[in-house]
Amino acid sequence: MLTAKTNSGNIFNLGNNYEKENLLILRNMEEFFCPVCGEAVSLKLGNQRIYHFAHRSGAICREIFENETLYHMKGKLQLYHWLIQQRISAELEYYDPIIHQRPDIMFHYDGIKYALEYQCSPITEELFTKRSKTYFQQNYIPLWIIGSKHIKAKRSNVFSLSNFEYFFLRKTKDGQLILPSYCPKEKQFQILSSIYPYSIKNAIASSCQRSVHNTGIEEILEPKLFHQFNLSKWTYETESFSINWSLHPNPIQTRFLREIYNHNLNLYLLPPEIGLPVTHSLLIQTPAIVWQTYIYIDNLQNKSPNALIDMKEVERNYNKRIKRNEITIRKIPQLADENSFIAVREYFIQLERLGMVRKRSETMYQLQHQVFVPQSNREKEERRNEFQQKISSS
Ligand SMILES: [Zn+2]
């Protein structure tokens, strides 16, 4: 940790850039105590690690802070200086005795009290949710930033994101879904946006890097990002992913393959309307190609043209699939209030743009024409080309 109490009860903050000689003198004169448990702590002034305080062995609250890595401490310190330089009133490792929580940085901005949590090591969803709730109860807005080392780019615009990384996803005031991270080595923020997962672990996303030196707080809280979606990349990744898992399916995937087979469908010859990217698809952990196939089987297949599709019925069918574990919802603590069915609604909006259905009322769509299921690769290619043209002109 970077702060400690002195004999006089003041907080001594190593974030204030002291010279080593001065700290060496101070270390001989002053005693330091942990602001949380009150036990004596030592001031460490090694050459390798960042200057910091450490509990002595056997201390009870030792575990909470001593696993802090150099990476984390550096990032925390840089983020603190970043705020101070913007003349934002900030306190490093502020300890709130009422909630017994200690955000990395507490700061006030625009009349709001923020708890910045720079998280570099995995924590459970329960702990993440509990900490966030407690902050809200005490009128803090939690600002969670993940260490960039967790964000793994697989290819250009393709990222591997685990459940833990999705914890950091939040919605901005203008409705963007962003995942903010910070790298103390590069001294830059990295913000992922337009995140479209095509599998449980992988997503297509836009990434924006910003140097800590010329980025203001507003650009992290409410970034204005430029989005560009590459549909052919999406189609390519979705398809190669499907081929991959269908060769070695797990039990849930086997169930899916069996069901589509019973409905005269073939994973390799699905209509191009199945597996479309929609904004809130990230709320659903099940790949888009799978949940949209279920939507098709449950609500669209075997319906004659002009048939009505009741969205309440669609929602019931969708919830049944969830109950049977055929569709899994992704746990995103900061988006816990969002109903994943919004993704299905977005899917129908897409289908309307493509002319497959037409909206009749708030809860009713009408099928315009039957979905054409290709019977050969050649047919599939033809359909795909038509489809791409339609989508780029819609
Ligand atoms: Zn302590």
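Where a number appears in this text, it was derived from the coordinates with a stated rule and is not lab data. These figures come from a predicted structure and were not determined experimentally. Note: ideal-geometry Cβ built from the backbone for every residue, glycine included; neighbour counts use all protein chains shown.
Model label points for T363 and A40, set 7 angstrom from Cα along the Cα-to-Cβ axis, are 7.1 nm apart.
Which links in K187/K331; K76/K224; K154/K233; K201/K320; K303/K390; K323/K359 stretch past 18 Å when you go from one Cα to the other?
The pairs that break the limit, which is 18 Å between Cα atoms, are K187/K331; K76/K224; K201/K320; K303/K390; K323/K359.
The ellipsoid that matches the Cα gyration tensor of segment 234-362 has semi-axes, each √(5λ) in whole angstrom, of 22, 19, 15, with the longest given first. Return the distance in nm (one decimal) between the two label points of a simple spin-label model at H227 and I99, each offset 7 Å from Cα along Cα→Cβ. Each label point is offset 7 Å from its Cα along the Cβ direction, giving 3.0 nm.
Computed about its Cα centre, the charge dipole of segment 71-221 is approximately 440 debye, with only Lys, Arg, Asp and Glu carrying charge at their Cβ. From its DSSP helices (H runs of at least four residues, each -39,500 (n - 2.57)), the chain gives a residue-normalised ellipticity at 222 nm of -10500 deg cm²/dmol.
To check you understand DSSP bridge types, tell me what percent of the beta bridges within the chain (both residues inside) are antiparallel, rounded to 5. Antiparallel: roughly 85 percent of the beta bridges in the chain.
Seen against the Cα atoms of the chain and their longest principal axis, helix 231-247 is set at about 80 degrees. State the percent of C-alpha pairs, over all pairs in the chain, separated by a distance greater than 37 angstrom. Everything past 37 Å amounts to 35 percent.
Measuring from centroid to centroid over Cα atoms, what is the spacing of segment 229-291 and segment 83-141 in Å? With segment 229-291 and segment 83-141 each reduced to a Cα centre, they are spaced 39 Å. Nearest 10 degrees, 0 to 90: what angle lies between the long axis of helix 341-353 and the longest principal axis of the chain (Cα atoms)? Taking the Cα atoms of the chain, the angle to 341-353 is about 50 degrees.
Against the chain, whose longest principal axis comes from its Cα atoms, helix 251-262 is set at around 20 degrees. Near I204, within a Cβ-to-Cβ distance under 11 Å, what is the net charge of the other residues, with Lys and Arg +1 and Asp and Glu -1? So the environment of I204 carries a net charge of +2. Here the simple spin-label model places points 7 Å from the Cα toward Cβ, and for R324 and K154 these points are separated by 2.8 nm.
So if each residue of separation counts as 0.36 nm, and I subtract the Cα-Cα distance between E315 and N163, what length gain in nm does that give?
52.2 nm is the gain from fully extending E315 to N163.
How big is the Kirkwood radius of segment 1-63, worked out from every pair of different alpha carbons and given in Å to one decimal?
Result for segment 1-63, one decimal place: 11.9 Å.
Each of V290, F372, Y140 was placed along the dipole of the chain (beta-carbon charges, centred on the mean Cα), and the one lying farthest toward the positive end is F372.
Rounded to the nearest angstrom and listed largest first, the equivalent-ellipsoid semi-axes of segment 70-168 from its Cα gyration tensor are 24, 17, 12. For segment 3-64, the relative contact order works out to 29 percent when only alpha carbon pairs closer than 8 Å and six or more residues apart are counted. The local environment of P184, defined by Cβ-Cβ distances under 10 Å, has a net charge of +4 under the rule Lys, Arg +1 and Asp, Glu -1. One decimal place: the segment Q375-N28 gains 116.7 nm when fully extended, by the rule 0.36 nm per residue minus the C-alpha distance.
When each of the peptides 78-84, 8-14, 283-289, 137-143 is scored by the mean number of other C-beta atoms lying within 10 Å of its residues, the order from highest to lowest reads 283-289, 78-84, 137-143, 8-14.
Normalised by 2.2 N^0.38 Å, where N counts its residues, the alpha-carbon radius of gyration of segment 16-132 equals 1.13. Electrostatic tally near P374: other residues with Cβ closer than 9 Å to its Cβ, Lys and Arg +1, Asp and Glu -1, net +1. Rg and Dmax, both from the Cα atoms of segment 85-241 and both in Å, are 16.5, 53.
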